[in-house]
Amino acid sequence: MRWKALILGGVAVASLAGGWLLVAQRQPEWTTSSPAALAEFELGLDAQGKIYWAEAQAHFRKALELDPDFAMARLFQLITANDSKDPGLDRTQVVARLETVDPSGLRPRERFLLSYYLALFRRDTEGAEKILDAFLADESDDPFVLDILGRRQVNRRDWAAAETTFKRLVEVAPNRVEAYNQLGYIALARGDFADAERMFRTYMYLAPDQANPHDSLAELLILAGRYDEAREQLEQALVDKPDFCVAFQHMLSLAILKGSMDGGEAVVERARAAGCEEPLLGRMRCLLPLWRAMHAQDWEAVWQALSGECGDVLSDDILRFSAAVHTGRSAEAEATLAKYAQASEKVPPSFRKSLIAAGSLHMQGQAEFAAGRFAAAAERFGAADANLTYRGVDDAGIFKLYNRQAWYRALLAAGAASEAAALLAEIRAVNPPFADFTAGRQASPPPG
């Protein structure tokens, strides 16, 4: 699950997702001597806006073949590689090439984008903020800067400000339909599932032939326990784009919350046949034994699933720690917690930082539970919950549900029956099947 991934600091913090790259209401100007390169570049922007990473990269590469000096094509090639976790691009080399670009030959927006992202790639977040503020002061309704601003507000968990920004983006650039996707996830972060569904369905209405609106709605439906509807949306996403690989990932997410990985091998094979590549396939394969062990509440099997090659592929310190404390591997647990704490210190204050804080608190709760200190465990799980939202399956939604399951079991074990019942009611209000799953398995230690 992606909530544990410690991604490159400022770049990930900026959330470089390509939805805002749709062609704006007014045609943007890009500096290139080649009309053919410009055409390829704009096709790349369109593909990036649909979250079609491979197609976007192909168009940006073609644009650079036609005009090797096309700075924006090179910049967006790098942005796409970061968003898609593409290991095939030499980022250091590309950044070095971008740093040689003479900004005086670029248009104002291009100069802004180049300087802003170069600051991020240098991890100069303070400098990037100043560049953003300066351009925002002059071009407050520029769609590109609005999108960047909104994502930075999301990163700070300032949901009200982010919602205002993305609604403004929709007003000034109605063609930027992916803004509705952002609005849907913001509503999920606030716990407003009804509003989130309205936003995702608006996105789907405006982009009926794209895969991502169906996948986004499926995330909400998974978290809400509407599993059959979620599966239908994921299948529709794959009808619209058979190699939309994240939909296969979310099929496994659905199985995780349902409590059974039956059929998981078939999902992995479908992903392979669709052209999905490593490391995604390896990650999906490793999730199957891990979550079969989790569902069986077999901590020794969880430990084994996270050992060897799959441990490297999944890089799941939280579950590894939980398995260690529940199987008496105290030295391994201490080493894992120390590694996690050290890595967390390198992450600046951000949405990601709050997930890391939740992970640390959850691990402390697991340690307290394993030691029989149930009231202390419940306190730690409760503190972890305060750092978590339902903002998507991958952005901690599943983690929040499982942490709440652990919290519920700790409360019961501590004899706090009324508090446990109230928490179970809150879980049921979000996901009734998961509440039943939780209540039916209260006697054993919780998954991590």
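Taking the listed residues Phe434, Phe369, the one that is touching a Gly at 6+ places or on another chain (Cβ under 9 Å) and either touching a residue at least 40 places away in the same chain (Cβ under 8 Å) or not in a helix (DSSP H, G or I) (or both) is Phe434, with no other qualifying.
Counting only helices (runs of 4 or more DSSP H) wholly contained in segment 177-251, the ones carrying 1 or more residues that are in contact (Cβ under 8 Å) with a residue 60 or more places away in the chain, under 23 Å from Arg152 (Cα atoms) and within 16 Å of the chain's Cα centre (by Cα) occupy 178-189, 211-223.
Taken over segment 278-292, the criterion of being over 18 Å from the mean Cα position of the chain (by Cα) and either open to solvent by less than 60 Å² (accessible area, probe 1.4 Å) or touching a residue at least 12 places away in the same chain (Cβ under 8 Å) (or both) is satisfied by Gly282, Arg285, Cys286, Leu288, Pro289, Leu290, Trp291, Arg292. For Thr164, all conditions in the list (1) in contact (Cβ under 8 Å) with a residue 60 or more places away in the chain; (2) among the polar types (S, T, N, Q); (3) within 27 Å of Leu45 (Cβ to Cβ) hold save one; what is the number of the exception? All conditions are met except number (1). Taking the criterion of being over 18 Å from the mean Cα position of the chain (by Cα), within 30 Å of Ala386 (Cα to Cα) and either open to solvent by 60 Å² or more (accessible area, probe 1.4 Å) or at pLDDT below 95 (or both), the residues of segment 130-166 that qualify are Ala160, Thr164. Residue count for segment 369-388 under the criterion of being of a type outside the set (A, V, I, L, M), modelled with pLDDT of 95 or more and either open to solvent by 30 Å² or more (accessible area, probe 1.4 Å) or within 16 Å of Val430 (Cα to Cα) (or both): the result is 6. So is Asp69 at pLDDT below 90, assigned to a loop (DSSP other than H, G, I, E, B) and open to solvent by 40 Å² or more (accessible area, probe 1.4 Å) or not? So Asp69 fails the test. Among the residues of segment 341-356, those identified as open to solvent by less than 40 Å² (accessible area, probe 1.4 Å) and closer than 21 Å to Leu401 by Cβ are Phe351, Ser354, Leu355, Ile356.
The number of residues in segment 272-309 that are within 16 Å of Gln366 (Cβ to Cβ) and at pLDDT below 90 comes to 1.
Under 20 Å from Ala73 (Cα atoms), in contact with a Pro (Cβ under 8 Å, 6 or more places away or on another chain) and in contact (Cβ under 8 Å) with a residue 12 or more places away in the chain: does that describe Leu114? Yes. For segment 174-207, which positions are acidic (Asp, Glu), farther than 18 Å from Lys400 by Cα and surrounded by fewer than 24 Cβ atoms within 10 Å (Cβ to Cβ)? Those that are acidic (Asp, Glu), farther than 18 Å from Lys400 by Cα and surrounded by fewer than 24 Cβ atoms within 10 Å (Cβ to Cβ): Asp195, Glu197. The set of residues from segment 110-129 being open to solvent by 30 Å² or more (accessible area, probe 1.4 Å) and in a helix (DSSP H, G or I) comprises Arg111, Ser115, Phe121, Thr125, Glu126, Glu129.
Just need a number here: residues in segment 326-335 that are without any contact (Cβ under 8 Å) to a residue 24 or more places away in the chain and open to solvent by less than 40 Å² (accessible area, probe 1.4 Å).
Matching residues across segment 326-335 total 0.
The values are calculated or read from the model by the stated rules, or taken from the named source; none is laboratory data. Small disclaimer: the values here were computed from a predicted structure and weren't measured. Note that each Cβ is placed from the backbone with ideal geometry, even for glycine, and that neighbours are counted across all protein chains shown. Note: accessible area is taken over every heavy atom of the protein model, side chains too, but ligands, DNA and RNA are not part of it. Shrake-Rupley method; radii C 1.70, N 1.55, O 1.52, S 1.80 Å.
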